[in-house]
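A short worksheet on the structure shown next.
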Amino acid sequence: MSRLLPLTSAIAIRQALLTAAVIVLATSGISGLVFMAVDQAARAELLHTIDTDIAGLVDVDAEGGQAQLARRIQDRTDFETSPSSFYLLTDSAGRRLAGNLPAMPLPFARSSGSAQLSVGGQAVLVRATVLRGERVLAVGRSLGGVEAFGAYLLRLFVISEATIAAAALLIGLLLARGLTRRIERINATFARFSGGDTGARVGDMRGQDEIATLARHADHHLARVVSLIDAQREISDNIAHELRTPLGHLDTHLREALDANRDAVVEPLLQAARSDIHSVVSLFDALLDIALAESASGAGGLTRFDLSELAAGVVELYEASAEEAGMHLTARIAPGVSMCGEPMQVSRILVNLLDNALRHLPEGSRIRVAISSGPVMVVEDDGPGIDEADRETVFQRFRRSSGSSAGHGLGLALVSSLATRNGMTARIEDAKPGARFIIAAKDLA
């Protein structure tokens, strides 16, 4: 059963996918926290640089005055061709005295606060402070480096998460594959057992985990089921064997009593008693036949024979019986079909199927027998058919199709046992109308 199950239906694979999803979410959360921490640290470091620069410029203003401060700012802005440092010195009216920042309101200057501004299309972190005479000094640094590092870090996180997710999914699927195979092995064993292979067992499964324990329990209970079935069959077979002889003696005594007494009242009772005995003996014969078919030592060796010739002989034998019953029996037998088996048992399969048809079909029904290579034997009719619910059980002992009360329910059980003994399987299909009994080699089932 190594047919790949749909991803959403295999428990192990669903667990692997769920585990991979949890890992992705966890690493995404961690990556997000790391990204925020690094961004905050970079901005704090940048703000520290700005504060150091402001402190130096305030000292220049205190020592050399406004002219010296303006020259120092001008020197710094002239030095950078592609500015990453920004300055602004305004008078009390907000007019720019020096710097490369445009004059703008800086309300956070009163508290020596900072803000992120957009200057020439780039983000700039700016700190402002108020000098003597209500002048405002603002120093800024470009956030381009911080943003570039953030973008690099983000790409690195995405690649790392994708790699971790792929590795987690791969490992999970590999583990799930092993778990699924072990479960499928158990399911396959039950499927073989349900299909008639009573020797099917899971066998030794490595490990001491729950699956290995389940496998051992499955084997134990399958063996227990087989022992119970064997015990039940042994009891029924022994009963059939032990009672058949005394019933035969009883029938002989009834016949002698019937010969000695032809009383009009007693004779019908004796005849009815003999009929009941014959029915019981027939039941026991069928049970013994099934026991013989299911016992490998109870029959002769398998030989190769001409199935086409055997089937033609059985059909010819039943043509007159079908005609008497008002039915039409036809055959389509491919020439030269041979098989390895026991001719008498294979013949009994066809006989039982034809007997079953003649017993249950209404007058005017058509019965068709087909033999083809494989080998495949088909007995088909156009009668009322067999309910779908009964098709899996009619091959069991003492089972009859719904609405049928004729027979003991052992004829088709014997067909199934004989088919198994000869390396074949028996099944029923809907002939629309009617039923189609197919006996085919196991590799064609």
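The values are calculated or read from the model by the stated rules, or taken from the named source; none is laboratory data. As the structure is a prediction and not an experimental result, all values here were calculated from the model. Methodologically, a virtual Cβ is constructed for each residue, glycine included, from the backbone with ideal geometry; neighbour enumeration extends over all protein chains shown.
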Query raised in the report: So which of Ala165, Ala151, Ala191 is at negative phi and touching a helix residue (DSSP H, G or I) at 6+ places or on another chain (Cβ under 7 Å)?
Result: Ala165
**Report entry** Verdict on Arg127 being in a strand (DSSP E or B), modelled with pLDDT of 85 or more and either within 60 Å of the chain's Cα centre (by Cα) or under 30 Å from Gly32 (Cα atoms) (or both)
**Finding:** yes
Report summary line: Residue set Arg206, Arg181; condition within 24 Å of Ala16 (Cβ to Cβ) and either in the same structural domain as Glu392 (by TED's automatic domain parsing) or in contact with a helix residue (DSSP H, G or I) (Cβ under 8 Å, 6 or more places away or on another chain) (or both); output residue Arg206
Query raised in the report: Looking at Ala37, Ala12, which one is at pLDDT 85 or above, among the small types (Gly, Ala, Ser), within 60 Å of the chain's Cα centre (by Cα) and not in a loop (DSSP other than H, G, I, E, B)?
Result: Ala37
Requested in this report: Among the candidates Arg95, Arg76, single out the residue that is at negative phi and surrounded by 14 or more Cβ atoms within 10 Å (Cβ to Cβ).
Outcome: Arg76
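Table: residues versus (1) touching a Ser or Thr at 6+ places or on another chain (Cβ under 9 Å); (2) within 21 Å of Pro384 (Cα to Cα); (3) outside the structural domain of Gly383 (by TED's automatic domain parsing).
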{"position": "Ser308", "(1), (2), (3)": "yes, no, no"}
{"position": "Ala312", "(1), (2), (3)": "no, no, no"}
{"position": "Ala320", "(1), (2), (3)": "no, no, no"}
{"position": "Glu323", "(1), (2), (3)": "no, yes, no"}
{"position": "Gly326", "(1), (2), (3)": "yes, yes, no"}
{"position": "Leu329", "(1), (2), (3)": "yes, yes, no"}
{"position": "Ala334", "(1), (2), (3)": "yes, no, no"}
{"position": "Arg348", "(1), (2), (3)": "no, no, no"}
{"position": "Asn352", "(1), (2), (3)": "no, yes, no"}
Report summary line: Only one of (1) without any contact (Cβ under 8 Å) to a residue 40 or more places away in the chain; (2) touching a Leu at 6+ places or on another chain (Cβ under 7 Å) does not apply to Gly65, and that is (2)
